[in-house]
Amino acid sequence: MMRILHIDSSPMLQVSSSRKLSQALIDAICQRYPDATVIARDLGRNPPPHLREETFLALTGKIEASNEQTRKEVSDIYSAIRELNDCDALVIGAPMINHSVSSALKTWIDQVCQARMTFRFTPEGAQGLVKNKPTFIVSTRGGVYSSEESRAMDHQESYLISTLKLMGIEDVHVLPAEGVDKTHPGREQAEKGALAQIPDLLSYVFNKSIR
Ligand SMILES: Cc1cc2nc3c(=O)[nH]c(=O)nc-3n(C[C@H](O)[C@H](O)[C@H](O)COP(=O)(O)O)c2cc1C
């Protein structure tokens, strides 16, 4: 049975292209694998707390948690790591916010990217400890970043891809929607373009990785 982890991270809750597209991707995967189960984490709606020193030290066993808040934060980090380890496919709705990912998604990454838990250092460099799995980044942004000059300002896709790789997840595919802005007539067009890519993207990803 396929387990899908569905993460959304836009701070926008009413009109959200990344949510719309990530849900369309989830629906299409579930159509392909009708017995799939989905765990949904909406980080935009429920942002995880920033990583604090006491939480980090308690998580890594250096101190005992001194209060309920720290115990809850440590336990939530373990849950987030478990969800990442246990899923067979990962879908991340990731709008560009000030040239990077949303702070909620950054905080999730700070939860799950943990040395000795999801990656480790070896003499040959860092080694991922999470099982590789088909992963989709639904990448929405108001601008267009295809030119050489503007690609250098994209710290959203490149950041996500490199942190996932650090943890061992390399089968990563981007579903792009550019020119997605509330005041822009391009929003609908960008969504339509991204939706149209889903069938071919899924055929490509699942025909090669799951037999
Ligand atoms: C606070 C804020 C910062 C943003 N920064 C950028 C940016 O640096 N570059 C860009 O192309 N779009 C930027 N955008 C536009 C969003 O990327 C775009 O509206 C979003 O991808 C659409 O996805 P959503 O509807 O799911 O939020 C920003 C939007 C907000 C609200």
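Evaluating 6.51 cos²θ - 1.76 cosθ + 1.60 at θ = phi - 60° for every residue in the stretch 124-135, the Karplus couplings come out as 8, x, 6, 10, x, 10, 8, 4, 4, 7, x, 10 Hz, glycine and proline recorded as x.
With R₀ fixed at 22 Å, the C-beta to C-beta distance from residue 161 to residue 126 puts the FRET efficiency at about 0.90.
For residue 1 and residue 62, a Förster radius of 35 Å and the Cβ-Cβ distance give a FRET efficiency of 0.40, rounded to the nearest 0.05. Divided by 2.2 N^0.38 Å, where N counts the residues, the Cα radius of gyration of the stretch 1-91 comes to 1.31.
For the stretch 118-148, list residues with backbone N below 17 Å from a point placed 7 Å from the Cα of residue 99 toward its Cβ? Inside the label zone: 141-148.
Remark on residue 36: its backbone amide H falls under 5 Å from those of 2, a criterion applied only to residues 5 or more positions apart or on other chains, H modelled at 1.01 Å from N.
Using alpha carbon coordinates only, what is the Rg to Rh ratio of the chain, with Rh defined as the Kirkwood radius? In the chain, Rg relative to Rh is 0.98. How tilted is helix 157-166 with respect to the longest principal axis of the chain? Cα atoms for both, answer in degrees (0 to 90, nearest 10). Around 40 degrees separate the two axes. Taking the Cβ-Cβ separation of residue 116 and residue 207 as r and a Förster radius of 45 Å, what is the calculated FRET efficiency to the nearest 0.05? The calculated FRET efficiency here is 0.80.
Surface composition of the stretch 3-209: carbon plus sulfur atoms contribute 53% of the solvent-accessible area (1.4 Å probe, protein chains only, all chains present). Mean sequence separation of contacting Cα pairs (under 8 Å, at least six apart), scaled by the length of the chain, corresponds to a relative contact order of 22 percent. Each DSSP beta bridge with both residues in the stretch 91-211 is either parallel or antiparallel, and the antiparallel ones are about 30%.
Just flag the GluC sites (Glu not before Pro) in the stretch 112-193 sitting in loop per DSSP whose Cβ has no more than 11 other Cβ atoms within 10 Å.
The qualifying sites are 124.
Once the Cα atoms are used to define both axes, helix 186-209 deviates from the longest principal axis of the chain by about 60 degrees. Amide hydrogen proximity for residue 119: with H placed 1.01 Å from N in the peptide plane, the residues at 5 or more positions away or on another chain lying under 5 Å are 114, 129. Against the main long axis of the alpha-carbon atoms of the chain, helix 17-32 sits at an angle near 90°.
Per-residue ellipticity at 222 nm, computed for the chain from helices alone with -39500 (n - 2.57) per DSSP H run of at least four residues, works out to -13500 deg cm²/dmol. Annotation: amide H of residue 41 within the under-5 Å range of 6, 7, 8, sequence separation 5 or more or interchain, hydrogens built in the peptide plane.
Of the residues 97, 143, 43, the one whose Cα sits farthest toward the positive end of the charge dipole of the chain, with +1 on the Cβ of Lys and Arg and -1 on the Cβ of Asp and Glu, is 43. Of all beta bridges that DSSP places with both ends in the stretch 1-149, some 20 percent have antiparallel geometry. Gain on full extension, evaluated as 0.36 nm per residue between residue 72 and residue 27 minus their Cα-Cα distance, stands at 13.0 nm. For the stretch 3-209, lysine pairs separated by 8 or more sequence positions, or belonging to different chains, with Cα-Cα distances below 20 Å total 11. Note that the stretch 3-209 presents 51 Å² accessible area per residue, ligands and nucleic acids not counted, probe 1.4 Å. Phi angles across the stretch 40-50 convert, under the Karplus curve 6.51 cos²θ - 1.76 cosθ + 1.60 with θ = phi - 60°, into 3J(HN,Hα) values of 9, 10, 9, 6, x, 6, 10, x, x, x, 4 Hz, Gly and Pro given as x. With every protein chain in place, what's the accessible area of residue 30 (1.4 Å probe, Å², nearest 10)? Rounded to the nearest 10, the figure is 40 Å².
The values are calculated or read from the model by the stated rules, or taken from the named source; none is laboratory data. Values in this document were obtained by computation on a predicted structure and should not be read as measured data. All Cβ positions, glycine included, derive from the backbone under ideal geometry; neighbour counts span all protein chains shown. Protein only, heavy atoms only, side chains kept; ligands, DNA and RNA dropped before computing areas. Shrake-Rupley method; radii C 1.70, N 1.55, O 1.52, S 1.80 Å.
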